[in-house]
């Protein structure tokens, strides 16, 4: 006899804010969260590439997530944080306005992101999560970068590491 109860899967996500919008990244992608620190500018990189940081001897490229999403730049404050995420074996720092919490989200609360037509790039949103009154956009960190951008990030990391 088959059981009608479906074991719901709960996934854990780190949630953070950019402006008033709440986003989430699967917790298994997160390496660590650090306070904002000095970012060294790297010439000839896309505008959203803030530069690199030296984290305990590792050189990590840092992305201004606001600029990556086409939002306006904002000065760092006491809440600004850098989320270190592993993408294709490359550690990348994402600057966010404020880290919120680690949330367990039931798979039944996840839905497909809306399609806005071809003018708005929502490929990097893999799902939308309903959390009480809020909607959290779950990011696919892989899709935040094109393959060639990941390669250039890797190159930046290698060049800067060799230069020390």
Original post:
Are any of the residues in the range 65-73 free of Cβ contacts under 8 Å to residues at least 24 places away in the same chain, surrounded by fewer than 20 Cβ atoms within 10 Å (Cβ to Cβ), closer than 30 Å to residue 158 by Cβ and in contact with a helix residue (DSSP H, G or I) (Cβ under 8 Å, 6 or more places away or on another chain)?
Top reply: yes
Original post:
Does any residue of the range 116-127 turn out to be loosely packed, with under 14 Cβ neighbours inside 10 Å, in contact with a helix residue (DSSP H, G or I) (Cβ under 6 Å, 6 or more places away or on another chain), closer than 21 Å to residue 19 by Cβ and at pLDDT below 85?
Top reply: yes
Original post:
Filtering the range 75-94 down to residues that are out of contact with any strand residue (DSSP E or B) (no Cβ under 7 Å at 6 or more places or on another chain) and touching a residue at least 40 places away in the same chain (Cβ under 8 Å), which residue is farthest from residue 32 (Cα to Cα)?
Top reply: 76
Original post:
Failed condition for residue 51, given (1) surrounded by fewer than 17 Cβ atoms within 10 Å (Cβ to Cβ); (2) at positive phi, with all others met?
Top reply: (1)
**OP:** Spot the failing condition for residue 39; the list is (1) surrounded by fewer than 14 Cβ atoms within 10 Å (Cβ to Cβ); (2) over 17 Å from residue 139 (Cα atoms); (3) touching a strand residue (DSSP E or B) at 6+ places or on another chain (Cβ under 7 Å), and only one is missed.
**Re:** (1)
**OP:** Name the single residue, out of those in the range 59-72 being in contact with a strand residue (DSSP E or B) (Cβ under 7 Å, 6 or more places away or on another chain) and not in a helix (DSSP H, G or I), that is nearest to residue 93 (Cα to Cα).
**Re:** 62
**OP:** Looking only at the range 42-54, count how many residues are in contact (Cβ under 8 Å) with a residue 24 or more places away in the chain and out of contact with any strand residue (DSSP E or B) (no Cβ under 7 Å at 6 or more places or on another chain).
**Re:** 2
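The values are calculated or read from the model by the stated rules, or taken from the named source; none is laboratory data. All values reported here derive from a predicted model rather than from experimental measurement. A quick note on method: Cβ atoms are made from the backbone with ideal geometry, for glycine too, and the neighbour counts reach across all protein chains shown.
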